[in-house]
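A short worksheet on the structure shown next.
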Amino acid sequence: MKFFIDTADVDEIRELTDTGMIDGVTTNPSLIAKSGRKFADVIEEICSFIDGPVSAEVAAIDAPTMIKEGHKLAQIAKNVTIKVPLTVDGLKACKVLSDEGTMVNVTLCFSPAQAILAAKAGATFVSPFVGRLDDIGLDGMDLIADICEIYENYANFETQVLVASVRSPKHVVDAARMGAHVVTIPPSALRQLYNHPLTDKGLDSFLKDWAGTGQSIL
Ligand code: E4P
């Protein structure tokens, strides 16, 4: 299972890259706005130390302009993945860019039907947003289960399920249970994955007991 980090905060990405857990990065226009920096500069800086896919989202809503924006963004680095919305135009752009050999992440997927279209358009990744479905009283993970099951039925569907809008470790564990290929995780949720009170408690008592032995390993 691959872990992408869902942020445009370069310092956070650098820090979390040191954990050895990060396989790629996703950004979106809201995250870029939050960074307060120039889009191209942020993507270029991330790609200077991340080898895996780095998603950069188009801003246009018509396919020809999305394709032009995709070409421009793809020039930043070879691992830039062009993110397009799950619309008719987004999928047209996806097909063209994918056929040219560019990685495409189809974002804002909220139904199994949309995920089928993304796979048919040749997307490298489809991003179903689980947290936003939870927010409206649905169970976002049901969508992941549906997409994983459907994609399994077709050997020619090579699109990877990229679980997005992740809010908690439970989303990550459920996604792993369902066999999703990738989860993109905000830094705070990634840090939570490490935590368990019994780990802290156990370590505390081991350290106390070790100190009582008066020994040192080095
Ligand atoms: C995915 O690529 C999106 O950037 C992200 O997961 C959206 O998450 P949100 O619903 O927390 O904004």
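Results, tabulated for the structure shown:
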{"item": "Extreme residue, farthest from the ligand (Cβ to nearest atom), among residues of the range 106-116 that are within 24 Å of GLY24 (Cα to Cα) and in a helix (DSSP H, G or I)", "result": "ILE116"}
{"item": "Whichever residue in the range 173-195 is under 18 Å from ALA119 (Cβ atoms) and under 11 Å from the mean Cα position of the chain (by Cα) and, among such residues, is farthest from the ligand (Cβ to nearest atom)", "result": "HIS181"}
{"item": "Leading residue by the ranking (nearest to ALA119 (Cα to Cα)) among those in the range 151-172 that are among the β-branched types (Val, Ile, Thr) and more than 10 Å from the ligand (Cβ to nearest atom)", "result": "THR159"}
{"item": "The range 30-42 residues that are farther than 16 Å from ILE82 by Cα, paired with ones that are surrounded by 12 or more Cβ atoms within 10 Å (Cβ to Cβ) (beta carbon under 6 Å, 6 or more apart)", "result": "SER35/ALA8; SER35/VAL42"}
{"item": "All positions within the range 117-126 that are more than 16 Å from the ligand (Cβ to nearest atom) and either assigned to a helix (DSSP H, G or I) or modelled with pLDDT under 95 (or both)", "result": "LEU117, ALA119, LYS120"}
{"item": "Helices (runs of 4 or more DSSP H) within the range 127-218 that include 3 or more residues within 22 Å of ILE13 (Cβ to Cβ)", "result": "169-178, 187-193"}
{"item": "Options MET21, MET1; residue that is in contact with a strand residue (DSSP E or B) (Cβ under 6 Å, 6 or more places away or on another chain), closer than 20 Å to VAL182 by Cβ and aliphatic (A, V, I, L, M)", "result": "MET21"}
{"item": "Residues within the range 92-138 that are out of contact with any helix residue (DSSP H, G or I) (no Cβ under 8 Å at 6 or more places or on another chain) and over 24 Å from LEU73 (Cβ atoms), tallied", "result": "5"}
{"item": "Scope the range 91-110; condition over 18 Å from the mean Cα position of the chain (by Cα) and not basic (Lys, Arg); matching residues", "result": "LEU91, ALA93, VAL96, LEU97, SER98, ASP99, GLU100, GLY101"}
{"item": "Residue ID - surrounded by the fewest Cβ atoms within 10 Å (Cβ to Cβ), chosen from residues in the range 87-114 that are among the small types (Gly, Ala, Ser) and under 17 Å from GLU158 (Cβ atoms)", "result": "GLY101"}
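The values are calculated or read from the model by the stated rules, or taken from the named source; none is laboratory data. It should be emphasised that the depicted structure is a prediction, and the values quoted were computed from it without experimental measurement. In this analysis, Cβ positions are derived from the backbone assuming ideal geometry, glycine residues included, and neighbour counts consider all displayed protein chains.
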